[in-house]
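Working notes, beginning with the structure itself.
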């Protein structure tokens, strides 16, 4: 019995140490995005863990620009923080706070569109809150989540489900429920959810699974559908789920 309690205590200590490690951000270099003082609308794209070289991001950026998005579109490489998968969420939150404080001080910015895949989703909420806390003028914020990773540390696997999108004027989440990526298969309580698991083209997608919502979103933008920029939660309520067949 004594051996059991010792083993149990050791396992608890290891678990606590892992949780503390996961919730402590790395000391990463944060590069502030560059754009003109006259910029009023900015769109920021955030990749997931070990995915900064995914060519789909360049395609999304180009598609948004081509579709007369009326905003400067910037892909933000945060691979230094994202590539440590255990600490990616904590690094993302630290990054979001720094970027948000910087963007809130911008003299002309009035609209922010934040688009993130997987672990990049953790950047958006702290960025929005920090920007609103420092902005001298009203700031409209919309968020697009692409199969967001919702965990925080090892234990809180529903953190993002409860909190992602709270700060946004409008938030939408495109999700695939058939992949093995942990904590990515549940709708968000504070976003309008679009389940694209059975959407046409899924079976033919090269990467599929966790990357299918990224691919689906790209196809929609390429087709000229950027209607999410005009949606509001009055008509597309938080927590609702639309299934694409």
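The values are calculated or read from the model by the stated rules, or taken from the named source; none is laboratory data. Note that the structure is predicted; figures quoted are calculated from it, not measured. With ideal geometry, Cβ positions are generated from the backbone for all residues, glycine too; neighbour counts draw on all protein chains shown.
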* When only residues in segment 1-26 that are part of a loop (DSSP other than H, G, I, E, B) and within 28 Å of residue 146 (Cβ to Cβ) count, which is modelled with the lowest pLDDT? -> 23
* Whichever residue in segment 140-154 is touching a helix residue (DSSP H, G or I) at 6+ places or on another chain (Cβ under 6 Å) and not in a strand (DSSP E or B) and, among such residues, is farthest from residue 91 (Cα to Cα) -> 147
* Asked: Just one of 232, 198 is more than 24 Å from residue 159 (Cα to Cα) and in contact with a strand residue (DSSP E or B) (Cβ under 8 Å, 6 or more places away or on another chain); which is it?
  -> 198
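Go through the residues of segment 182-193 one by one and say whether even a single one is closer than 29 Å to residue 138 by Cα and out of contact with any strand residue (DSSP E or B) (no Cβ under 9 Å at 6 or more places or on another chain). Don't jump to the end; show me each part of the working.
Within segment 182-193, the first condition is being closer than 29 Å to residue 138 by Cα, and the residues that meet it are 187-193.
Still in the list and also out of contact with any strand residue (DSSP E or B) (no Cβ under 9 Å at 6 or more places or on another chain): 189.
For segment 182-193, residues closer than 29 Å to residue 138 by Cα and out of contact with any strand residue (DSSP E or B) (no Cβ under 9 Å at 6 or more places or on another chain): present.
Looking for something under 19 Å from residue 54 (Cα atoms), assigned to a loop (DSSP other than H, G, I, E, B) and modelled with pLDDT of 95 or more - is there at least one such residue anywhere in segment 207-219? If you could, list the steps in order and put the result at the bottom.
First, pick out the residues of segment 207-219 that are under 19 Å from residue 54 (Cα atoms): 207-219.
Of the ones still in play, those that are also assigned to a loop (DSSP other than H, G, I, E, B) are 207-208.
From what's left, modelled with pLDDT of 95 or more: none.
The answer is no; no qualifying residue exists.
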* Structure fact -> Reported set for segment 65-97 where residues are touching a helix residue (DSSP H, G or I) at 6+ places or on another chain (Cβ under 6 Å) and outside any loop (DSSP other than H, G, I, E, B) is 73, 75, 81, 82, 88, 89, 91, 92, 93, 95, 96, 97
* To do: Output yes when any residue across segment 208-219 is surrounded by fewer than 21 Cβ atoms within 10 Å (Cβ to Cβ) and under 16 Å from the mean Cα position of the chain (by Cα), and no when none is.
  => yes
* Structure fact -> Listed by first then second residue, the pairs whose first member lies in segment 187-211 and is touching a residue at least 60 places away in the same chain (Cβ under 8 Å), whose partner is crowded, with 17+ Cβ neighbours inside 10 Å and not in a loop (DSSP other than H, G, I, E, B), with beta carbons under 8 Å and at least 6 positions apart or on separate chains, are 210/118; 211/56; 211/117
* Asked: Would you call residue 37 surrounded by 15 or more Cβ atoms within 10 Å (Cβ to Cβ) and either at pLDDT 95 or above or not in a helix (DSSP H, G or I) (or both)?
  -> no
* Asked: Given 100, 160, 165, which one is over 22 Å from residue 182 (Cα atoms) and outside any strand (DSSP E or B)?
  -> 100
* Structure fact -> Note: among 149, 174, just one is touching a residue at least 12 places away in the same chain (Cβ under 8 Å), closer than 17 Å to residue 122 by Cα, buried (at least 22 other Cβ atoms within 10 Å of the Cβ) and out of contact with any strand residue (DSSP E or B) (no Cβ under 6 Å at 6 or more places or on another chain), namely 149
* **Filter pass, residue 108 being at pLDDT 95 or above and more than 21 Å from residue 160 (Cβ to Cβ)** => no
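Is it the case that some residue within segment 120-135 is in a loop (DSSP other than H, G, I, E, B) and out of contact with any strand residue (DSSP E or B) (no Cβ under 6 Å at 6 or more places or on another chain)?
Kept after step one, since they are in a loop (DSSP other than H, G, I, E, B), are these residues of segment 120-135: 135.
From what's left, out of contact with any strand residue (DSSP E or B) (no Cβ under 6 Å at 6 or more places or on another chain): 135.
Yes, there is a match, as at least one residue in segment 120-135 is in a loop (DSSP other than H, G, I, E, B) and out of contact with any strand residue (DSSP E or B) (no Cβ under 6 Å at 6 or more places or on another chain).
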* **Count - residues of segment 105-138 that are surrounded by fewer than 24 Cβ atoms within 10 Å (Cβ to Cβ) and without any contact (Cβ under 8 Å) to a residue 40 or more places away in the chain** => 11
